[in-house]
1. I'd like the full set of residues that are open to solvent by 20 Å² or more (accessible area, probe 1.4 Å) and farther than 27 Å from Ile221 by Cα, limited to region 7-54.
2. Among the listed residues Ala167, Ala148, Ala136, Ala122, which satisfies the condition of being hydrophobic (A, V, I, L, M, F, W, C), in a helix (DSSP H, G or I) and open to solvent by 10 Å² or more (accessible area, probe 1.4 Å)?
3. Give, as residue ranges, the helices (runs of 4 or more DSSP H) completely inside region 1-113 that count at least 3 residues that are over 22 Å from Arg132 (Cα atoms).
Amino acid sequence: MFWTGSPFVLQLLATLLFYRFIPVGQMGNFEFALILVMLLSLLTDLGLGSALVQFHEAEERHFSAAFCASLLTGGAITAVVLISANQLSQLLASKDPETFHRVLSSLIWMVPFASVSGIFRARLQRELDFRRISLAEIASGLLHFASAGALLITGYSLMSPVWSAVAREAGLLLGLVVATRWLPRLQLDLDALRRILRFGLELTGARCLNFMGSNLARLLIFPVLGDAANGHYNFAYRLTL
């Protein structure tokens with residue numbers, strides 16, 4: 001309970017800080033951008049981490065191929081969003097596109113880290129080493145909370161949840177790298193990738209559909225009712241979770 005509950009408590013405390021000191025409309029921009037980035041992170045993961053856990057014959061070449069594929073996908077999607085961020089902001093946030101553009105173009109840097117974290121997590125899961133996974137998650141939660149407080153104190157306001165979220169994702173990846181004591185080879189073995197890709201893509205499709213279904217209201221409120229309504233709804237949504 002301690003290992004699994006600590007990151008959740010730290011996340012909740014950070015959320016309370018953000019909504020206490022940042023206007024609810026600005027938080028609405030952040031929450032919608034976060035939903036989009038989380039969906040893109042699911043896509044860039046390609047389900048390869050889970051595929052490696054269930055694939056009995058997984059070897060070094062399978063892990064390295066999965067890492068390269070996820071990294072390339074994450075980098076490509078990040079580049080596409082950065083290039084089209086202005087157009088996306090005009091389309092999705094017509095009332096305040098400048099704020100949304102600033103948030104989205106910064107928050108998207110979570111994706112490269114999130115795209116490969118699952119590969120390192122898979123190595124620990126195959127070894128049933130859940131303690132090290134929890135330690136990495138707690139460390140990233142502490143980094144998120146500390147950076148959130150520091151950014152708020154120094155006057156970064158809306159960018160506090162943005163950059164602390166990026167720091168949390170980077171910290172989680174670093175923690176998992178240290179925990180696994182493994183570094184991948186930058187070698188894309190297409191045969192090894194093919195052996196795990198079908199399972200991963202099917203899982204990714206299911207995850208994305210489930211994510212969009214469970215977050216349908218959060219995806220619709222912002223473009224239809226505006227940033228303040230989205231901020232109020234997401235605060236209540238997080239507390240009830």
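The values are calculated or read from the model by the stated rules, or taken from the named source; none is laboratory data. A quick note: this is a predicted structure, and the numbers were derived from the prediction, not measured. For the accessible areas, the whole protein counts, side chains as well, though only heavy atoms, and no ligand, DNA or RNA atoms are used. Shrake-Rupley method; radii C 1.70, N 1.55, O 1.52, S 1.80 Å.
1. Residues satisfying the conditions are Pro7, Leu46, Ser50, Val53, Gln54.
2. Ala167
3. So the answer is 2-21, 24-45, 60-92, 97-107.
Residue by residue, here is whether (1) of a type outside the set (D, E, K, R); (2) within 19 Å of the chain's Cα centre (by Cα) holds:
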residue	(1), (2)
Ile35	yes, yes
Gly47	yes, yes
Ala69	yes, yes
Ser84	yes, no
Glu98	no, no
Val103	yes, yes
Val116	yes, yes
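Quick grid of which residues meet (1) open to solvent by 20 Å² or more (accessible area, probe 1.4 Å); (2) not in a helix (DSSP H, G or I):
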position	(1), (2)
Ser160	no, no
Leu174	yes, no
Leu186	yes, yes
Arg195	yes, no
Leu201	yes, no
Thr204	no, no
Leu209	yes, no
Gly213	yes, no
